[in-house]
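Below: one structure, written as structure tokens.
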Amino acid sequence: MAPLFETQPLEEFRVSSELVRLGEIGFLYTDIASQRWKRDKRLVDEGQDALALVINLDGKAAGVAGANDFLQMPGSAVITDQSQTSLHDSAGGRSIGFSVPRRMAIEAGLDVASLHGVVLNPAEVSMLASHLLQVREALPRFSEEDAPRLGQTMLDLLVLTLKGAQRTDAPGFREDPATLVLRARQEIHEHLGSPGLTIANLCRKLGVSRSTLHRVFEDRGGVQAYIRDLRLDAARQTLLNPDSGERIGDIAERLGFSDAAHLSRLFKARFGETPSDCRARSSLSR
């Protein structure tokens with residue numbers, strides 16, 4: 001036994017919890033007040049080498065897992081690698097989840113380190129959440145010798161959930177780079193002008209790490225350069241369209257640039273002329 005977190009209550013403390021050992025897998029149901037949870041290097045070094053999944057049945061949580069920011073809404077799940085540091089605040093409420101020894105998770109084909117801080121949305125985790133709740137209700141009907149098999153069902157369903165959501169880079173689940181690029185391109189094109197189109201959000205949506213995303217876009221100068229160039233190309237097409245009278249400032253806002261000056265600076269670096277010059281040249285050539 002070893003402590004998992006240093007905790008700090010954020011409201012009057014209350015807790016009700018159930019912990020069941022299902023073979024090597026720990027199954028936990030908790031109703032707890034708002035807390036700050038800190039797992040620093042000292043606690044990591046003390047042991048508890050496991051992969052944990054927690055589903056918020058109600059309430060929210062937000063924090064950082066390693067270098068990854070995460071936001072967990074009601075009904076969603078967050079996965080953490082307990083061999084890495086984390087810090088998060090929970091709004092309190094009910095949660096259900098389990099922890100599996102790192103060795104077992106790796107043997108099941110999971111890349112545990114890359115899953116640290118991955119959030120699964122309610123649709124992605126619904127099958128697993130339903131199963132965990134049903135297991136909790138059904139536990140009294142099973143004997144102690146059934147425990148390891150019940151625990152294994154949780155790990156098996158986590159594997160299937162991750163496969164269905166394409167949420168891991170583990171060798172057993174590795175997505176073909178060309179397929180990942182197609183998914184990333186589709187996501188980028190659909191949200192090209194959105195200020196929410198950030199590398200962190202893109203990684204979260206695609207279920208991959210920053211390093212993986214950078215690797216598949218490396219020949220394009222990286223994903224940030226790819227997004228910037230797409231936005232500049234879209235701006236240039238608008239400026240070259242004789243039927244478009246859209247103001248340059250409006251084009252900049254629509255395509256996710258901070259302002260017209262930002263667009264002009266990048267546009268000139270890319271095309272050797274300002275947006276105004278591009279529009280004027282297009283008008284002269286008509």
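The values are calculated or read from the model by the stated rules, or taken from the named source; none is laboratory data. This one's a predicted model, so the numbers in the text were calculated from it and none came from an experiment. Note that we place each Cβ from the backbone using ideal geometry, even for glycine, and neighbour counts take in every protein chain shown. We work out accessible area using only protein heavy atoms, side chains counted, and drop any ligands, DNA or RNA first. Shrake-Rupley method; radii C 1.70, N 1.55, O 1.52, S 1.80 Å.
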What is the angle, in °, between the Cα long axis of helix 260-271 and the longest principal axis of the Cα atoms in the chain? Nearest 10 is fine, range 0 to 90.
80
Under a Cβ-only charge scheme (Lys and Arg +1, Asp and Glu -1), can you give me the dipole magnitude of the chain about the Cα centre, in debye to the nearest 20?
980
In the chain, what percent of the accessible surface is made up of carbon and sulfur (1.4 Å probe, ligands and nucleic acids excluded)?
52
Assign unit charges at the C-beta atoms only (+1 for Lys and Arg, -1 for Asp and Glu), then state the dipole size of segment 152-281 relative to its Cα centre in Debye, rounded to the nearest 20.
200
Let's see if you can work this out: charge +1 on each Lys and Arg Cβ, -1 on each Asp and Glu Cβ, no other charges. What is the dipole magnitude of segment 212-286 about its Cα centre, in debye to the nearest 20?
120
Can you compute the equivalent ellipsoid semi-axes for the chain, i.e. the square root of 5 times each eigenvalue of the Cα gyration tensor, sorted largest first and rounded to whole Å?
47, 20, 16
Could you tell me how many degrees, from 0 to 90 and to the nearest 10, lie between the Cα long axis of helix 122-138 and the main elongation axis, the longest principal axis, of the Cα atoms of the chain?
10
Kirkwood Rh, Cα Rg: Rg to Rh for segment 14-113?
0.95
Dividing the alpha-carbon Rg of segment 97-230 by 2.2 N^0.38 Å yields what?
1.27
How far is helix 147-165 tilted, in degrees, relative to the longest principal axis of the Cα atoms in the chain, given as a value from 0 to 90 rounded to the nearest 10?
10
